[in-house]
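This report refers to the structure that appears directly beneath it.
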Amino acid sequence: MRTVIRLLFFISTAVLFGIPAYACDMGEQALKELISVSTYDDALARISDPACLGDREAEGKKAQGDKVIREGNPLVNRFNDLTPDTKEVTSRATAVTSALKALADYTEKEISINSQPSTWRALTRDIQNMNTQWSAITPDKSTQTVENIAAEFKVNKWEHITKADGGEIVLDGQKFYLLAKTCEDKKQPCPAFESQRDLIRVVNLMAQLARYASYDSLAKHLHEAEVELQRWETYRSKGQHQYIWELWLNGQNMGEDLCPKDKGTGIQRGFCAVPTSQWIVLHPEAGLRWSHSAQQSGDLKPALIVELFGKYSWEWDAAPNQSSMTNRLGASLVAAYTNEPSGNKWSYGPMFHFGDGYNVAFTRSGSGTWGLLLNLNIADRYFGGTQKIDSYLKCLNKPNFGQLLQGQNFCN
């Protein structure tokens, strides 16, 4: 996909401005053709794109079999050799150290031979400081500190080279402009153009290295995002059902522990984490009143249960996918309405939540009568099993388990 986008970019650029598609190679002929239709300043702005200067494909060595089609830029080739594609943390950490040293060595040499020594000196110090910080991250600590890598590398600093601000960048505490005016003469490149072109190449390589270094952090964040997405789905489908007023209340109750905000701006950072508890308020549901003579759920008396106020909580399983609810417990105060032979009755008492959506309530009516109320889940679970045993015994036509053990007839 990236190759297609790059191809479309250069085709459209060539059509609009007459620039050859191989201008990123920055070979002598390509450079002449590039400048013949534009100023050096426009050319510099166009080739400063990360898909051009410093890019692995655009400026790296290219070969087919034993034949070298393009030699590529020596610095880009060296960078590519030092940063192989690997998911192993220790190998990647070592590769970053080697790449930083190679870039620092290159920029240090450029100080004495380039036309902008102050810029190169500041860039060298920045890379050397980064190398010092990175070297302090030992492989055994890399997992702990990997989240801070992108911040340490200041990814935004290396990635923002735009014509709008003249390519402003802060190096060693000083402001420099990598897209500043360069050559007045269109016929041949001046030292300033060549210097800024090479500076931008190094900056683009540093941006690549920042992304390369933060690979483990990005992979970790992706995994965390996938887990959070699955938790939200579990919360929606497996959690305690919520009415619209409960959704509103629980949404208001999601504080900074779940939805962290930037202390300076007050703007929320990222997405909210999935809760591990919810309030229950004026929550009606159907239930069944226990009867000691009941043999199946159909023998129980229907009841309207209203949970007046309560709380339901759980934990997220640590393994294997971290998105299963465990230790699900809750309690609430309920009012229950039942139709009794002696008349309709309201009763009140506590309800307890446990397991996979099972609720039991103990209520007492105004006349002092205690009752046991079950929700449909637990009634079906208990009486479903009772009915199966009862039906099986009837099929065998045996009055008790003693005779069952002695019998020879079995149901299909």
Between T86 and R364, how many nm apart are label points set 7 Å from Cα along the C-beta direction?
7.1 nm
Hey, can you rank 309-317, 44-52, 201-209 by average C-beta count inside 10 Å, highest first?
201-209, 44-52, 309-317
Distance cut-off 26 Å, Cα to Cα: go down the list K238/K261; K61/K109; K61/K101; K62/K157; K101/K163 and report the pairs above it.
K238/K261; K62/K157; K101/K163
Order 358-368, 91-101 from most to least packed using the mean count of other Cβ atoms within 10 Å.
91-101, 358-368
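No value in this document is a laboratory result; all are computed from the given coordinates. Quick caveat: nothing in here was measured; it's all calculated off a predicted structure. Cβ: placed from backbone, ideal geometry, glycine included. Neighbour counts: every protein chain shown.
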